[in-house]
1. Non-local amide H neighbours of GLY188 (under 5 Å, H modeled in plane, Pro and chain starts lacking H): which ones?
2. Residue by residue through the stretch 128-141, which ³J(HN,Hα) values in whole Hz follow from phi under the Karplus form 6.51 cos²θ - 1.76 cosθ + 1.60 (θ = phi - 60°), with glycine and proline marked x?
3. Less than 11 Å Cβ to Cβ from SER14, Lys/Arg counted +1 and Asp/Glu -1: what total charge do the surrounding residues give?
4. Just to check I understand the Karplus step: with θ = phi - 60° and J = 6.51 cos²θ - 1.76 cosθ + 1.60, what whole-Hz values come out for the stretch 158-170, glycine and proline as x?
5. For the chain, what does -39500 (n - 2.57) per DSSP helix run (n ≥ 4), summed and divided by total residues, give at 222 nm, in deg cm²/dmol to the nearest 500?
6. Out of the stretch 142-232, which GluC sites (Glu not before Pro) are coil in DSSP terms and have no more than 15 other C-beta atoms within 10 Å?
7. Round to a whole number: what % of the accessible area of the chain belongs to carbon and sulfur, probe 1.4 Å?
8. Might you work out the accessible area of ARG133 for me, using a 1.4 Å probe with all protein chains in place, and round it to the nearest 10 Å²?
Amino acid sequence: MNPTEQFLQWVKESGNIVFFGGAGVSTESGIPDFRSVDGLYNQEYDYPPETILSHTFYMQNTSEFYRFYRNKMLCLTAKPNAAHKKLAELESAGKLKAVITQNIDGLHQAAGSRTVLELHGSVHRNYCRKCGRLYDAKYILNSKDCPVCESCGGDIKPDVVLYEEGLDDDTMRQSIRYITQADMLIIGGTSLAVYPAARLIDYYRGSRLVLINQSTTPYDHRADLRIEGKIGEIFSEIEL
């Protein structure tokens, strides 16, 4: 039995699946990741992306932050791909209990997934730092320079986790609970290089840890099954 066949067999047999995904889940929807050959880290800017997407840069160079953010982070025309759609189907069938994602694009929800834990927040939630009023991504995209609140004139900040900022404690606790209880953990489209999110793998207690990625990760040796390839193509083979 080849790795893909084994994967499909485990999906059939499992009833408490958790999926943990990264940027590679959305690249097939046309959203660039940060570390691939064609990702943002290999493009030329006045500052590297990890500097621009930091809390310090946001506070000190807000206008430049938003220029980059609008151009590179708001991919509002992207549509869910086969992986997003199949995960939503698995949840509807009662087999998948949660999607844990490092992505901020909202494509899992757009595909119909309901239990989605967003480790790094979402571009679709933005809030006034002064009064707390919420704004959607279209408001940010259509705003000029530094967006301000229509109610109080306060600065608006995306509800995304920037470098130097900590992850939401409640989201982490929920993620750990789901992973600890899972009989199958599928990790896909992530290099497992971003901490503390990558440490979530340590909480899995089962014997069906599947890594699906186009490149190697530091945790390949921990996998019970490793599949190299595009996650959308692999997931499209799942039959319910």
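1. Residues meeting the amide H criterion: PHE20, GLY21, GLY22, ILE212.
2. Values, residue by residue: 6, 6, 9, 10, x, 4, 9, 9, 8, 5, 5, 4, 5, 4 Hz.
3. After counting each charged neighbour, the total is +2.
4. The phi angles translate into x, 7, 10, 7, 8, 4, 5, 9, x, 6, 5, 4, 5 Hz.
5. Computed mean residue ellipticity for the chain: -7500 deg cm²/dmol.
6. GLU150, GLU164, GLU165
7. After summing per-atom areas, the C and S share lands at 46 percent.
8. For ARG133, the solvent-accessible surface is approximately 90 Å².
The values are calculated or read from the model by the stated rules, or taken from the named source; none is laboratory data. Everything numeric here is computed off the predicted structure, so don't read it as measured data. Glycine also receives a Cβ, built like all others from the backbone with ideal geometry; neighbour counts cover every protein chain displayed. Ligands, DNA and RNA are excluded from the accessible area calculation, which covers all protein heavy atoms including side chains. Shrake-Rupley method; radii C 1.70, N 1.55, O 1.52, S 1.80 Å.
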